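What follows is a set of notes on a single structure, which appears directly below.
The values are calculated or read from the model by the stated rules, or taken from the named source; none is laboratory data. Remember, predicted model here, so these are calculated numbers, not experimental data. Cβ coordinates were reconstructed from backbone atoms using ideal geometry, including for glycine residues, and neighbour counts include every protein chain displayed. For accessibility, only protein heavy atoms count, side chains too; no ligands or nucleic acids. Shrake-Rupley method; radii C 1.70, N 1.55, O 1.52, S 1.80 Å.
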Amino acid sequence: MKSNRKRGTRTFIEEARRRQILEIALECIAQRGYKSTTLEWIASKAGISKGVIYYHFKTKKELVGQIWTALIDELFQFRKARVDVQTSSKDKLWTYVDAQFQFILDHIKKFIALSEAGFDLTSEDGGNPWSPAINERCFGYLSGILREGQERGEFREHCSKDLAAVIQGAIDGIGLEVIADPDGIDLEGCKRELLHMLEAYLVKK
């Protein structure tokens, strides 16, 4: 009997196994560091064979890339759930900034562990398939907030696309500083200064 499952789709069990591997791999990286974490060690901790890992991920680099992707997707959902309940464009933008920084604080150990693996997830053929998609998704959402505020008369005239890149760049830059030096960077202070600048530059009086 032929299976009705489409090629490329995963069964519930396969998806659960994949999530388990990602979670345990992140735990191993946090405990041992990226360089000392092998697929053999991850398989041992997960109680599975190395072949099961290779069924889902071709290399350790691909596995780490998928951990990043899952974490970023969780960030998007966390941020959107908080922004979408706000009514004014200013409150949406302020909540957007606050939610991103809160997510970093809540998952700081994960970000620190993954940062050791590096941010260069370029594949062997020179492509980086998920970063452009993440940027488009992120900038599109943020641009929508800025454009809405402009249309409502809350924000001054601006290029929403360019300003979205500037704001997200500032947020990401601060986030990287916190990951690099969590005890030396005052995240609340940085957030406060960023919001003060947005208030002075963007919000109509």
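For LYS61, give me every one of the lysines with a C-alpha distance below 18 angstrom, ignoring sequence neighbours fewer than eight places off in its own chain.
Counting by Cα, and skipping residues close in sequence, LYS61 has these lysines nearby: LYS35, LYS50, LYS110.
Applying the Karplus parametrisation 6.51 cos²θ - 1.76 cosθ + 1.60 with θ = phi - 60° to the phi angles of the stretch 48-56, what ³J(HN,Hα) value in whole Hz is obtained for each residue in order, glycine and proline being reported as x?
Coupling constants for the stretch 48-56: 10, 7, 4, x, 5, 5, 5, 5, 9 Hz.
Excluding residues on the same chain fewer than 8 positions from LYS90, give the lysines whose Cα lies under 29 Å from its Cα.
LYS80, LYS161, LYS191, LYS204, LYS205
Listed highest first by mean packing, meaning other Cβ atoms within 10 Å per residue, what order do 76-82, 145-151, 38-44 come in?
145-151, 38-44, 76-82
According to a simple spin-label model (label point 7 Å from Cα along Cα-to-Cβ), what is the distance in nm between ASP98 and GLN77?
For GLN77 paired with ASP98, the spin-label model returns 2.3 nm.
Tabulate in residue order the Karplus-calculated ³J(HN,Hα) for the stretch 175-189, using 6.51 cos²θ - 1.76 cosθ + 1.60 with θ = phi - 60°, rounded to whole Hz; enter x for Gly and Pro.
My calculation for the stretch 175-189 gives x, 5, 5, 5, 4, 6, 9, x, 8, x, 10, 8, 5, 5, x Hz in order.
Rounded to the nearest 500, what is the chain's calculated 222 nm mean residue ellipticity when only DSSP H runs of at least 4 contribute -39500 (n - 2.57) each, over all residues?
-23500 deg cm²/dmol
Give me the compactness ratio for the chain, meaning the Cα radius of gyration over 2.2 N^0.38 Å.
Computed over Cα atoms of the chain, the ratio equals 1.20.
Would you grab the residues whose amide H sits under 5 Å from the one on PHE155? Only those 5+ places off in sequence or on another chain, please, with H modelled 1.01 Å from N.
It is GLN150, LYS204, by chain and number.
For the stretch 146-193, give the percent of accessible area contributed by carbon and sulfur heavy atoms, probe 1.4 Å, rounded to a whole number.
For the stretch 146-193, the apolar C and S fraction of the accessible surface comes to 49 percent.
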